[in-house]
1. Looking at (1) closer than 21 Å to Gly197 by Cα; (2) more than 20 Å from the chain's Cα centre (by Cα), find the lone condition where His351 falls short.
2. Might you check whether a residue that is under 18 Å from Tyr90 (Cβ atoms), surrounded by fewer than 23 Cβ atoms within 10 Å (Cβ to Cβ), touching an Asp or Glu at 6+ places or on another chain (Cβ under 9 Å) and among the acidic types (Asp, Glu) occurs anywhere in the range 133-155?
3. For Leu317, all conditions in the list (1) modelled with pLDDT of 95 or more; (2) surrounded by 21 or more Cβ atoms within 10 Å (Cβ to Cβ); (3) more than 30 Å from Gly126 (Cα to Cα) hold save one; what is the number of the exception?
4. If we scan the range 59-74, do we find a residue that is in contact with a strand residue (DSSP E or B) (Cβ under 7 Å, 6 or more places away or on another chain), modelled with pLDDT of 95 or more and of a type in the set (Ser, Thr, Tyr)?
5. Taking into account only those residues within the range 277-314 that are among the polar types (S, T, N, Q) and buried (at least 22 other Cβ atoms within 10 Å of the Cβ), which is farthest from Gly209 (Cα to Cα)?
6. With Ala243, Ala226 as the choices, which residue is touching a His at 6+ places or on another chain (Cβ under 7 Å) and crowded, with 17+ Cβ neighbours inside 10 Å?
7. Going residue by residue through the range 153-160, is there one that turns out to be out of contact with any strand residue (DSSP E or B) (no Cβ under 6 Å at 6 or more places or on another chain), touching a residue at least 12 places away in the same chain (Cβ under 8 Å), under 16 Å from Ser365 (Cα atoms) and part of a loop (DSSP other than H, G, I, E, B)?
8. What is the residue count in the range 129-151 for residues that are of a type outside the set (A, V, I, L, M) and part of a strand (DSSP E or B)?
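The values are calculated or read from the model by the stated rules, or taken from the named source; none is laboratory data. Everything numeric in this text was worked out from a predicted model, so none of it was measured. Cβ: placed from backbone, ideal geometry, glycine included. Neighbour counts: every protein chain shown.
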Amino acid sequence: MRVPDTPDTAKSHEILFPRPSRGQRTVRSVCCLLSLLLLLLLAACSSSAGSQAHTPTGTAGTAAASGTPTATSDNGNGGNGGSSGPFTIYVGSSDGTVYAVDSAEGNKRWQIPVGGLANKPAVVSGIVYVATDAGHVAALGNGSSLWNVTPGGSFEGRPAVDNGLVFVGSDNGSLYALGAGDGSSKWSFATGGAISGSPATANGLVYTGSTDGYLYAVHESDGSLAWKVKLTTDVEFTSPGIANGVVYIGDDGGVLTAVNASNGNVLWTKQAAGSQIGGRPAVVNGLIYFTASNQTVYAVHASDGSPAWSFQTADGLLSTPNVSNGVVYVADPSTLYALNANNGQKIWQQHSSSGFASTGRSWPSIKNGSVFMGGSDGTLYAYDQNSGHVQWTFHAGSGLGSPQAA
């Protein structure tokens, strides 16, 4: 039973445990409030740091992509950049089959017979368009053939796809326009010689060279002639390249010509190489990159064709250079080279004992840090873009053409 405090005991409690004054109580309350605010602030900082540490990868990637991009060539080869996820490499084989190969480990996704070697596939909106040396033009999608037609003659170049049309040049001298949806014939235009290169499109016109020595510009809509320009000699294994409203094309005599893409006016003509020019010129950052059969890769200024640098290869080549991140990737029949785009100095090279293409007309495709090349023995190579080290190989039935990564 508790005994109530008497005045004397209450007084003794006050002596042992003195009651704080009003000012002391105010100071103590303020200290408690400051301590509480400090704890809340520390908790907020900890939460913010945790959020930053777990920023999604996509956000970081978007921030990195907002920087100034590095120019790459638009030479119809494609595969310069894109998302970082898995993709597919498409390549034609001389056994008449087109293969689809996974980018991660080089495993086959599907294969479809098309009738002949599809030298250079083109991929647009997930559809693979090919033209073969046996005269077939086909569209492939999701592991199946969508259509396959034989317009006439045989084909060595890559199809060009624009405005719902597929354009192919034939050795019978005709340029064909087919419906991209069903392969139906829309029109044909006859040149005076064979077409062995790849057509190019821009601003409603399709451009092609011919062994009759002319560069042609034809209206995509109806196949009527817009203009034609006489070059110094035949155009055999080279294709037109287009940049900044100018068409650049080489010929069998080593002459490079720049033509106004709209009206066909010749801007300049230059004896740029010592022999036949091959492939499609790649135009990047004011320089034109191209190859010639005299074992040389050239870089000339787009303004006037004056030389910038040249690089000697081990063998003659008529292939298309592919330019990515300041590096020129190009192959002769046995070696793949990576060259500094500014001065032509070799960064690395990879030799293939079985060879790439005996004609020297096979070119690389580049995507997401890898360089892909087709071998004459049926081997598809994936090389590291920076070092040239082999990442994986895939073996098809027989010799391969130029791959397309998409």
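1. Condition (1) is where His351 drops out.
2. Yes, the conditions are met somewhere in the range 133-155.
3. (1)
4. no
5. Checking each candidate, the answer is Thr313.
6. Ala226
7. There is no residue in the range 153-160 that is out of contact with any strand residue (DSSP E or B) (no Cβ under 6 Å at 6 or more places or on another chain), touching a residue at least 12 places away in the same chain (Cβ under 8 Å), under 16 Å from Ser365 (Cα atoms) and part of a loop (DSSP other than H, G, I, E, B).
8. Within the range 129-151, residues that are of a type outside the set (A, V, I, L, M) and part of a strand (DSSP E or B) number 7.
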